[in-house]
């Protein structure tokens with residue numbers, strides 16, 4: 001009985017990410033009510049399924065094949081979507097809007113999470129697939145910024161993707177997009193590789209734009225730009241949610257403490273976590289970056305937990321006053337507990353960044 005339950009749960013885990021892709025593909029090909037079904041699948045259906053036990057556990061073998069399948073599905077879905085929006089004539093305006101909205105949510109939550117999983121793998125082909133996914137969404141620079149900057153400086157003022165206490169999402173997003181690009185570029189410049197990765201990222205973006213034009217002309221290019229912006233905003237929103245207000249302590253010599261369980265927010269909701277390949281189990285990921293998604297763990301007593309799922313908290317973060325009302329007291333609580341436990345002090349620059357941000361209207 002236990003084996004059957006585990007098998008059912010792991011099947012639900014895979015269906016959480018692959019099911020919406022299938023419905024969105026039908027929306028691009030068949031039209032009718034399918035584009036609306038795809039949008040509902042990425043919104044209302046996810047909220048409802050988070051109240052069930054479906055998708056709570058991934059099997060070990062999924063670590064190998066599931067990200068690869070999602071990666072291939074991403075490119076198929078992107079091509080179908082751009083063709084349907086730009087060249088096909090079987091969708092009306094409402095269907096196209098619903099399809100683009102559903103695809104944007106899928107690329108932002110599933111494709112981004114899959115690419116994130118892949119770039120952390122030791123296998124060169126898997127890393128290349130993850131990089132290609134980001135490049136197709138015109139966001140290749142995130143590979144360098146994430147690996148060389150975020151995982152080194154997360155929870156400090158040196159990481160563009162870690163929001164200090166009090167900084168609203170829209171202000172964070174406007175700064176982080178530029179700062180992430182520059183920080184990743186500077187990190188790669190210091191490495192002095194034979195082929196500069198940013199050449200690959202920009203070249204990949206150019207190929208993606210050209211492919212969009214060939215699939216559906218200028219309208220498909222506009223569609224890609226909209227999808228890329230939507231996906232990038234959700235990626236930044238994810239970083240915002242998972243690190244908001246949590247700072248690593250610094251001792252008197254300026255040495256930053258290691259990433260610990262209390263430096264990342266987690267959202268261990270079954271279905272939405274499965275949708276994003278356990279990316280919301282973020283504390284364990286930062287402490288063990290090479291650990292594949294089925295092995296990520298959550299410890300309720302040690303790891304900060306968002307009060308609702310990632311999609312719900314993401315919607316809340318779009319309204320900064322409501323977000324601060326809910327999250328600022330929680331962030332202050334974890335920071336006070338962490339500082340008392342480790343006996344460290346925060347540097348003036350970090351303290352000032354947090355206090356300045358908390359006094360700014362958003």
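Please treat every number below as a calculation from the coordinates, not as lab data. Just so we're clear, the structure is a prediction, and the values are computed from it rather than from any experiment. When we count neighbours, we look across all protein chains shown, and the Cβ atoms used for this are built from the backbone with ideal geometry, even at glycine.
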Notebook entry, point to check: Rg(Cα) of segment 181-232 divided by 2.2 N^0.38 Å?
Noted result: 1.41
Item checked: Footprinting exposure proxy for 114, 15, 41 (fewest neighbouring C-beta atoms within 10 Å first) -> 15, 41, 114
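What is segment 83-238's relative contact order, in percent, from Cα pairs under 8 angstrom and six or more apart in sequence?
38
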Check: Could you give the alpha-carbon Rg of segment 195-273 over 2.2 N^0.38 Å, rounded to two decimals?
Finding: 1.68
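Between residue 191 and residue 333, how high is the FRET efficiency from 1/(1 + (r/R0)^6) when r is the Cβ-Cβ distance and R₀ = 30 Å? Nearest 0.05.
Values: r = 39 Å, r/R0 = 1.31.
That gives a FRET efficiency of 0.15.
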Next item on the list: Between residue 219 and residue 326, with labels modelled 7 Å along Cα→Cβ, what's the label distance in nm to one decimal, could you check?
Entry: 3.7
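For segment 56-178, what is the convex hull volume of the alpha-carbon atoms per residue, in Å³?
Working: hull volume 20.1 nm³, N = 123.
In segment 56-178, the Cα convex hull volume per residue is 163 Å³.
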Notebook entry, point to check: What's the angle, to the nearest 10 degrees (0 to 90), between helix 62-86's Cα axis and the longest principal axis of the chain?
Noted result: 60
Margin query: Under 10 Å, Cα contacts only: if you run a Gaussian network model on the chain, which one of 194, 206, 145 comes out with the highest mean-square fluctuation?
Written below: 194
Note to self: Quick check: the distance between the Cα centres of segment 164-191 and segment 38-117, to the nearest angstrom?
What the structure shows: 27
Check: Build a GNM of the chain with springs between Cα atoms under 10 Å: which of 301, 125, 161 gets the top mean-square fluctuation?
Finding: 301
Next item on the list: Would you mind checking the radius of gyration and Dmax of the chain based on alpha-carbon positions, in Å?
Entry: 20.3, 65
Margin query: As I understand it, the value is the acute angle between the Cα axis of helix 169-191 and the longest principal axis of the Cα atoms of the chain; what does it come to in degrees, rounded to 10?
Written below: 90
Check: Given the options 29, 133, 119, which has the most mean-square fluctuation in a GNM of the chain, springs set between C-alpha atoms less than 10 angstrom apart?
Finding: 29
Note to self: Let's test the formula: R0 of 22 Å, r as the Cβ-Cβ distance of residue 123 and residue 11. What FRET efficiency results, to the nearest 0.05?
What the structure shows: 0.35
Note to self: Contact order normalised by length for the chain, with contacts defined as Cα pairs under 8 Å and 6 or more residues apart; what percent is it?
What the structure shows: 22
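If R₀ is 56 angstrom, what is the calculated FRET efficiency for the pair residue 257 and residue 87, using the beta carbon separation as r and rounding to 0.05?
Values: r = 54 Å, r/R0 = 0.96.
According to the calculation, E is roughly 0.55.
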Checklist line | Cα long-axis angle, helix 348-358 against the chain (0 to 90 degrees, to the nearest 10) | finding: 60
